[in-house]
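Have a look at the structure below before the remarks.
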Amino acid sequence: MTPLKHLSTSSSLETLQQKMAGTHLRELFAADKNRFERYSLEAAGLFLDYSKNLINDDVMSSLMKMAEEARLPEAIQAMFRGEKINYTEQRAVLHTALRNFGTDPVMVDGEDVMPKIRDTHERMKGITDSVHSGEWKGFTGKSIKHIVNIGIGGSYLGLKTAINALTPYHVAGLEHHYVANIDPNEITEVFRKIDPETTLFIVASKSFGTLETLQNAQAARAWMLEKGCAESDIRKHFVAISTNLKAIDEFGIAQENTLPLWDWVGGRYSLWSTIGLMVSLVVGFENFQKLLKGAWEMDKHFSEAPLEKNMPVILGMLGVWYQNYFGSESHAVISYDYFLRDFPGHLQQMDMESNGKQTREDGSRVDYQTGAVIWGGTGTNDQHAYHQLLHQGTRLIPVDFIAPATSHNPLGEQHPWLFANALAQSQAMMQGKNLDEVRDELTAAGMNTANVDALAPHKVIPGNRPNNMIVPEKITPERVGALVALYEQKVFVQGTLWQINSFDQWGVELGKVLGNRVYDRLKESGTTSDQDSSTNGLVNRFKQFNA
Ligand code: F6P
């Protein structure tokens, strides 16, 4: 347990935790017939049932008091107002402005950023229309049939999640591909599937300095030239998105094919920006706008609803409750929808790159746990993989289940079965199966007492495992937007409580710097001996096979 001792409200939560630790969720449900109504709410088209949590009214009210003591309401308003809450980089955090359909200005350094956001939307629409209408031609005069997004991290995960989530909305006749990794196998596989005459590459990089993206963009350019595209026609096959317009120019992408981005948009929060161009191309600009509108609905709810009726606040504070008062270390997100299969991967970057921190604004180190290990996948597949550990393992792992009420493909009875499985997992985690029930079951099946004694302990499922159920009516652009925004804001809530900056990522820098050094050692001739013995040994082994 690592309570947030810097907040005076923490002591009441410590006392409540001791009480709750001795209570079973079954008892809480038995004692209150209205538990579902009490602990559920709807916002931006998403329904949340959080009744299967280790909470009662005292816990929830203490958690909300803690959020107030941590000045969460003020922090929320500061973010929306464009204050430079990313204090280590002196930047505002305004991905919310990208999906703002209101009429009020949003000011950064004395400038209203809304007109330039609207302008980029027009340009994204223009590119999308031109590709869809066939007006955009490749070097042999053919229309575009393949789009390849070259980008990594926030310039990849969010847009791929949204595109796969919106599979039923894909425009016909356009194939989408992704190159993120520097592993040459990845881009080679994409080259095998595309046709140079009909391919448009989108180079998406906020910094335009990311090794993987630049190497892949160079490889794509070289491939186009090798396939007969003249240097002067390269502009017909490349679009670039970045804050670094100079670097794009040096790379050789035409200015008219360049979309801007701003430093007040964090990479992992950039789906809503020009980085979303690929989404617009694959599902159409109107659906991209609907995605933004869904996120805006969630933002309005987040900034206007009282804390106790605020979905991102509730989810964020429940995470704090388990991490800092029950000692849980990870959090699983399992979607019962094939189209949402990439969502956990996007959440991993969004949450772990945001809240995997240990230093407060004043430079002091936190003395409690911060960001949880985020993981997950899709049901029902995962029931046959790791759910065993969720049900009978020794760790407390809170789970969010995401299960849309209706399917885009209502094939026979499959969707009701899928939904039933989601509910059953949630219920099983909550109620479990106690020793008496197991013994009765085995005895009723005719087993003798000795065998019942031996087998029963193995079949006990403790239950009392907290979980949330998020139910959109259907996976539509608006609901996907709301869902992603819900988790973004949840991450912000937790970062505020943990007093860390959720918007920088200094931790990934060291690996990049050392990567350059190791690369130089791999390329130098002779034996390497100036690193630690492990690195020397492995570098020399690589050289042995790559002489
Ligand atoms: O992993 C570090 C990181 O900077 C992420 O924050 C970012 O999303 C990713 O690299 C890609 O960066 P860029 O869009 O600048 O290429």
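Structural remarks
- Expressed to the nearest 5 percent, the antiparallel share of DSSP beta bridges inside the chain is 30 percent.
- Aspartates and glutamates with Cα under 17 Å of LYS246, excluding same-chain neighbours fewer than 8 positions away: GLU256, ASP263
- Only the Cβ atoms of Lys and Arg (+1) and of Asp and Glu (-1) were treated as charged; on that basis the dipole of the chain about its Cα centre amounts to roughly 600 debye.
- Each 10 Å bin, from zero up to the one with the longest distance, holds this percent of the alpha carbon pairs of the range 506-545: 30, 52, 17, 2.
- Per-q log10 I(q)/I(0), the range 332-410, q = 0.13, 0.14, 0.18 Å⁻¹ (Debye; single scatterer per alpha-carbon; no solvent): -0.53, -0.59, -0.83
- 10 Å Cβ shell holding at most 14 others, DSSP loop, chymotrypsin sites (Phe, Trp or Tyr not before Pro): longest site-free stretch of the chain: 102-547
- Summing charges over neighbours of ALA219, with a neighbour being any other residue whose Cβ is under 13 Å away from its Cβ, gives -3 when K and R count +1 and D and E count -1.
- With contacts taken as Cα pairs under 8 Å and at least 6 residues apart, the range 237-377 reaches a relative contact order of 17 percent.
- Contact order normalised by residue count of the chain, Cα under 8 Å, 6+ apart, percent: 19 percent
- Summing +1 for each Lys or Arg and -1 for each Asp or Glu among the other residues whose beta-carbon sits under 12 angstrom from that of LEU522 gives +3.
- For the range 506-545, size of Cβ-based charge dipole, Lys and Arg +1, Asp and Glu -1, in debye: 160 debye
- Selected from PHE545, THR535, LEU522, residue furthest toward positive end of dipole (the range 506-545; charges at beta carbon): PHE545
- By the count of neighbouring beta-carbon atoms within 10 Å, fewest first, SER364, SER354, SER12, SER525 end up ordered SER525, SER364, SER12, SER354.
- Cα gyration tensor shape for the range 449-515, rounded if a/c is under 1.5, else prolate or oblate: oblate
- Taking a straight Cα-Cα cut-off under 17 Å and skipping sequence neighbours fewer than 8 places away in the same chain, the lysines within cross-link reach of LYS543 are LYS523.
- Cβ-based net charge around GLY266, under 10 Å, with every Lys or Arg adding one and every Asp or Glu removing one: -2
- Bridgeable lysines around LYS193 (alpha carbons under 23 Å apart, same-chain partners fewer than 8 residues away excluded): LYS137, LYS142, LYS145, LYS160, LYS227, LYS236.
- The mean sequence separation of alpha-carbon pairs under 8 Å and at least six residues apart, normalised by the residue count of the range 434-547, gives a relative contact order of 13 percent.
- Whether the chain is rounded, prolate or oblate, judged on the alpha carbon gyration tensor where a/c under 1.5 counts as rounded: prolate
- Stretching the chain fully between THR359 and ALA454 yields a gain of 29.2 nm (0.36 nm per residue, less the alpha carbon separation).
- Charged-residue dipole, Cβ positions (Lys, Arg, Asp, Glu), the range 108-289 about Cα centre, Debye nearest 20: 320 debye
- Tensor-based shape of the range 108-289 (alpha-carbon gyration tensor, a/c under 1.5 rounded, otherwise prolate or oblate): rounded
Readers should treat all values here as calculations from the given coordinates under stated rules, not as data from a laboratory. Quantities reported herein were computed from a predicted structural model and do not represent experimental measurements. Here Cβ is always computed from backbone atoms with ideal geometry, including for glycine, and neighbour counts include all displayed protein chains.
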